[in-house]
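Novice: One structure follows; several queries about it will come next.
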Amino acid sequence: MNSEARKSIHGTWTGRWTFILAAAGSAVGLGNIWKFPYMAGEYGGGAFVLVYLACILLIGIPIMIAEILIGRRGRSSPANSMSYLAKEANTYPQWKILGIMGAVAGLAILSFYSVAAGWAISYIFEDFSGPSAEYYGEEFNAFLADGTKLVIFHSIFIFVTVFIVARGVIKGLEVWINRLMPLLFIIVLLLCAYATQTGAFLEGVSYLFTPDFSKIDATAILAALGQAFFTLSLGMGAIMAYGAYMPASQKIGSTALSVAFLDTLVAILAGIAIFPIVFANNLDPAEGPGLVFVTLPWAFVNMPLGFIFGKLFFILLSIAALSSAISLLEPGVAWIVESLKTKRYVAAGALGLVAWTLGILSALSFDLLSDFTPIGDLNFFDSMDFLSNQILLPLGGIFIAIFVGWIMKEEVVREELGLKDRQWYKNLLNIWFFLLRYISPLMVGVVFVAAVFFGIT
């Protein structure tokens with residue numbers, strides 16, 4: 001039975017662009033706003049961007065197509081979709097574990113991601129009137145040491161996430177995605193326009209785009225590989241879950257390309273917005289998270305209309321975090337609703353409570369629980385990050401590629417992709433199969449080994 005005949009009990013996206021915005025919302029997160037621009041500047045500007053785009057084509061898009069395909073074919077939660085497709089392929093039912101692993105990874109990520117999102121929310125209320133950059137450094141450190149504040153903002157973020165997911169696919173996810181994503185793009189464009197007035201616009205853009213191939217080494221390539229995989233929210237079941245709600249008439253390949261394009265576009269626009277501000281204020285562009293929460297607030301203090309655009313920037317961060325968070329919770333909620341026949345709001349509330357509880361441990365890991373190091377010398381926050389992002393997600397990506405590339409019947413894959421018998425369609429399918437079977441899992445495997453065994457992320 002094809003995906004056109006099967007229907008998701010959770011509903012279906014009402015339009016093509018809703019799925020694209022939903023998947024892009026899942027992909028666009030805090031890392032897009034600061035991590036990608038920073039890496040681009042650090043590893044050769046335009047040269048890194050080219051390597052990154054190549055990795056998107058070799059890793060990101062092939063695996064994303066595979067995830068969407070699984071979701072739409074199964075029309076269920078990732079776990080139940082894997083169960084259905086394993087039965088259809090006459091293979092081991094244990095493949096269901098792959099979907100469960102994705103849901104667990106998503107929940108684990110949400111637990112600490114919500115803490116970082118809380119940082120962004122708190123800065124919306126900043127008055128941007130501090131006397132020095134040192135002041136903001138001290139303020140941020142004091143904020144991290146204030147467990148009560150961290151828990152409060154973490155709780156607010158979890159509550160909003162649960163509220164949206166509990167409302168369902170149409171009334172919750174779709175309604176809010178259609179509001180949040182256009183607002184996100186508007187704010188990014190406003191910040192880019194603002195950056196043109198800083199006096200260092202060309203310097204910032206040059207830093208981001210000028211190719212310097214001398215900086216492209218193994219470390220730079222590995223960074224591009226990792227960013228290409230993680231930025232598209234692969235391996236955690238989110239794209240699978242969203243794919244289950246995708247209309248059968250929608251083309252999977254072109255949709256995946258659109259999502260990858262929007263995700264990369266936001267990352268590049270964020271760099272165009274941030275780096276002129278950085279250079280206009282003689283700041284260090286290689287500061288990472290500190291750039292966002294310490295030096296940029298001081299920059300906004302010294303700039304015309306900085307109060308307004310500072311708030312817009314942190315609203316942008318919060319929206320990016322929220323659009324990702326709802327996709328982290330959805331796979332687990334869908335699974336519980338299907339498996340236990342319970343109400344969606346009950347499932348969302350239960351998993352939200354789990355994420356909230358784990359998040360408290362992450363929030364307190366900078367203060368009261370700083371000596372609690374579950375994995376090596378990593379605190380609880382960093383341990384959850386390592387477990388999910390460096391272990392569960394890469395393993396999920398590798399096994400998704402193997403399942404679709406080697407286990408599923410080719411005629412089923414061809415049917416779901418809607419490819420015709422023309423020769424160039426066949427050529428595209430062959431290229432995609434080659435990437436999915438050999439190149440994508442190999443490259444994700446390299447990222448996994450580098451992160452787990454050599455500590456390179």
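The values are calculated or read from the model by the stated rules, or taken from the named source; none is laboratory data. Every value quoted in this text rests on a predicted model; they were computed, and no experiment measured them. Note that each Cβ is placed from the backbone with ideal geometry, even for glycine, and that neighbours are counted across all protein chains shown.
Novice: What number of residues within the stretch 338-348 satisfy the criterion of being surrounded by fewer than 16 Cβ atoms within 10 Å (Cβ to Cβ) and in a helix (DSSP H, G or I)?
Specialist: Initially, the stretch 338-348 is screened for residues surrounded by fewer than 16 Cβ atoms within 10 Å (Cβ to Cβ), giving 339-343, 346.
Cutting the leftovers down to in a helix (DSSP H, G or I) gives us 339-340, 346.
Counting residues in the stretch 338-348 that are surrounded by fewer than 16 Cβ atoms within 10 Å (Cβ to Cβ) and in a helix (DSSP H, G or I) gives 3.
Novice: Just one of 18, 12 is of a type in the set (S, T, N, Q), modelled with pLDDT of 90 or more and buried (at least 21 other Cβ atoms within 10 Å of the Cβ); which is it? Outline the logic, then answer.
Specialist: Values: 12 fails: buried (at least 21 other Cβ atoms within 10 Å of the Cβ).
18 is the lone residue from the list that is of a type in the set (S, T, N, Q), modelled with pLDDT of 90 or more and buried (at least 21 other Cβ atoms within 10 Å of the Cβ).
Novice: Same structure, new question: Output the residues belonging to the stretch 385-409 that are over 18 Å from residue 231 (Cα atoms), of a type in the set (A, V, I, L, M) and surrounded by 20 or more Cβ atoms within 10 Å (Cβ to Cβ).
Specialist: Within the stretch 385-409, 404, 408 qualify.
Novice: Next question. Need the failing condition index for residue 324 against (1) within 21 Å of residue 108 (Cα to Cα); (2) not in a helix (DSSP H, G or I), just the number.
Specialist: (2)
Novice: Next question. Being in contact with a Phe, Trp or Tyr (Cβ under 8 Å, 6 or more places away or on another chain), modelled with pLDDT of 90 or more and β-branched (Val, Ile, Thr) is the filter here, so list the residues in the stretch 292-331 that pass it.
Specialist: Listed by number, the list holds a single entry, 326.
Novice: Then there is this: Take residue 283 and decide whether it is surrounded by fewer than 22 Cβ atoms within 10 Å (Cβ to Cβ), at pLDDT 85 or above, in contact with a Phe, Trp or Tyr (Cβ under 9 Å, 6 or more places away or on another chain) and not basic (Lys, Arg). Break it down into steps so the answer makes sense when it comes.
Specialist: Values: surrounded by fewer than 22 Cβ atoms within 10 Å (Cβ to Cβ): yes; at pLDDT 85 or above: no; in contact with a Phe, Trp or Tyr (Cβ under 9 Å, 6 or more places away or on another chain): yes; not basic (Lys, Arg): yes.
Against the criterion (surrounded by fewer than 22 Cβ atoms within 10 Å (Cβ to Cβ), at pLDDT 85 or above, in contact with a Phe, Trp or Tyr (Cβ under 9 Å, 6 or more places away or on another chain) and not basic (Lys, Arg)), residue 283 does not qualify.
Novice: I've got another one for you. Got a number for residues in the stretch 403-437 being closer than 25 Å to residue 81 by Cα and in contact (Cβ under 8 Å) with a residue 24 or more places away in the chain?
Specialist: 18
Novice: From the list 387, 395, which residue is in contact with a strand residue (DSSP E or B) (Cβ under 8 Å, 6 or more places away or on another chain) and either of a type in the set (Ser, Thr, Tyr) or in contact (Cβ under 8 Å) with a residue 40 or more places away in the chain (or both)?
Specialist: Details: 395 fails: in contact with a strand residue (DSSP E or B) (Cβ under 8 Å, 6 or more places away or on another chain).
Checking each option against the conditions leaves just 387.
Novice: Name, by its number, the condition in (1) surrounded by 16 or more Cβ atoms within 10 Å (Cβ to Cβ); (2) under 24 Å from residue 308 (Cβ atoms) that does not hold for residue 114.
Specialist: Evaluating residue 114 over (1) surrounded by 16 or more Cβ atoms within 10 Å (Cβ to Cβ); (2) under 24 Å from residue 308 (Cβ atoms) leaves (2) as the failure.
Novice: Considering 179, 167, which residue is of a type in the set (Lys, Arg) and either crowded, with 17+ Cβ neighbours inside 10 Å or closer than 24 Å to residue 284 by Cβ (or both)? Quick ask: steps written out before the conclusion?
Specialist: Values: 179 fails: either crowded, with 17+ Cβ neighbours inside 10 Å or closer than 24 Å to residue 284 by Cβ (or both).
Residue meeting the stated conditions: 167.
Novice: Let me ask another. Are any of the residues in the stretch 263-273 in a loop (DSSP other than H, G, I, E, B) and acidic (Asp, Glu)? Spell out the reasoning first.
Specialist: Going through the stretch 263-273, the residues in a loop (DSSP other than H, G, I, E, B) turn out to be none.
No, the conditions are met nowhere in the stretch 263-273.
Novice: Pairs please, first residue from the stretch 181-208 and touching a residue at least 40 places away in the same chain (Cβ under 8 Å), second anywhere and in a helix (DSSP H, G or I) and among the polar types (S, T, N, Q), Cβ atoms under 8 Å, 6+ apart in sequence or on different chains.
Specialist: Final answer for the pair search is 181/323; 184/323.
Novice: Follow-up question, since we're still on this one. Residue check, residue 296 against (1) touching a residue at least 24 places away in the same chain (Cβ under 8 Å); (2) in a helix (DSSP H, G or I); (3) under 18 Å from residue 37 (Cβ atoms), all met but one. Which one?
Specialist: Exception for residue 296: condition (1).
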